[in-house]
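Since the structure comes first, as C-alpha cells, the remarks are kept for the end.
Values quoted throughout were computed directly from the atomic coordinates according to the rules given, and no laboratory measurement underlies them. Keep in mind the model is a prediction, meaning the values are calculated, not measured. Here the Cβ positions follow ideal geometry from the backbone for every residue, glycine too, while neighbour counts run over all protein chains shown.
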Amino acid sequence: MKKTETKSTVLLQHHLKALRLPTILAECEQVAARCAADNVDHLGFLLQLCELELIERERRAADRRLSAAKFPTYKTLDAFDFKCQPSLNKLLVTELMRGEYIDNRENILLVGNSGTGKTHVATALGIAACGQGKRVRFFRVTELITQLMEAREERELLRLKKQISKLDLLILDELGYVPTSKIGSELFFDVISTAYERLSLIVTTNLPFENWTEVLCSERLTGATLDRLTHRCHILEASGESYRLQDAKRRRRKRSSDDPATTK
C-alpha cells in the first residue's frame, strides 16, 4: 500500500508540473490533510485547491504588471497626506482609484507646482490599475521622447508605438520641465494622437495649459495635443505648497526648538 501511495504521489506531482499548477502541487498534501480532518468531501477539497491556485496566479500576474509598468517608486493613496494639499480634490481622486475612467477611455491631467504630490497620485492610480488587471506603463516625458527619437533612428519606432498601443493606461510624468525639439514634439503628439480614445492617459505637469507652447514649441501641436487630452478628461489641480518645502520648514523649526541657544 505504501508503494502504491508513493507511486500515486510521484505521478500526481508529475502531472501537476506538466499542467503548470505549482500552487496545487505545493499545497495539495496539506490541504488534503486538513480536509480529511474537517470531513470535507472531494469536491470541497478540489475547490480549495483551485481557489489557492487562482489567488496565487493573480498575485503573480499583478507582480508582473507592476514590474512591466516601471514605476520609479511604489506609492499608494494611503500614504498621501491630503491635509498638506487641501486644494487637491480628495473625493474625485478616491473615485478615480476605482478605475472606471480606464474602461471609459478617459484621461487625467494633474496640474500644479513642483513638489505638490502629482507624481505620487499618478503612481498610486497606476498601481491601483495594475491591481485591477490593467496594463500600465509609466514614463517621464523626457524619457519617452528620448526613447521615441532613438527608436526612430534605429527604425524601431513602429514596434515601440505598437507596445504603447497595447496598454490600458499610459502615465506621462513631468511635462514642462524640459523643452523638446521639433521632432520630439511631433513624436510626442503622435503618441497622444494614437492613444486618443483607445487608452487612458495620466499626465502630470507644472505648467498652466497656456504655457505648454514653451515645451512643445508649436502653437499648432500644443492646440492639437490639448484638444485630445482634455476631451473626456478629469483635471486635478494641486496648488498648495511643495511637500519638500513644507518638510524643510518643519525640520528647521524642529532644529530651532531643539537648540538651547535659540530658546534663551
Computed over the Cα atoms of the chain, the Rg and Dmax in Å are 25.4, 87
Calculated from DSSP helices alone, with each H run of at least 4 adding -39500 (n - 2.57) and the total divided by the residues of the chain, [θ]222 nm to the nearest 500 comes to -18500 deg cm²/dmol
A correct fewest-to-most ranking of 141, 40 by other Cβ atoms within 10 Å would be 40, 141
Of all C-alpha pairs within segment 85-167, those more than 18 angstrom apart amount in percent to 53
HN-Hα couplings for segment 75-85 via Karplus (6.51, -1.76, 1.60; θ = phi - 60°), in whole Hz with x for Gly/Pro, come out as 10, 10, 5, 4, 8, 8, 9, 5, 5, 7, 10
Over all pairs of different Cα atoms in segment 28-182, the reciprocal of the mean inverse distance gives a Kirkwood radius in Å of 18.6
Magnitude of the Cβ-charge dipole (Lys and Arg +1, Asp and Glu -1) of the chain about the Cα centre, nearest 20 debye, reported as 660
At R0 = 25 Å the Cβ-Cβ FRET efficiency linking residue 211 and residue 81, nearest 0.05, sits at 0.35
Long-range amide H partners of residue 236, meaning residues 5 or more apart or on another chain whose placed amide H is closer than 5 Å, are 109, 110, 111
Quotient of Cα radius of gyration and Kirkwood radius for segment 1-97, i.e. Rg/Rh, equals 1.25
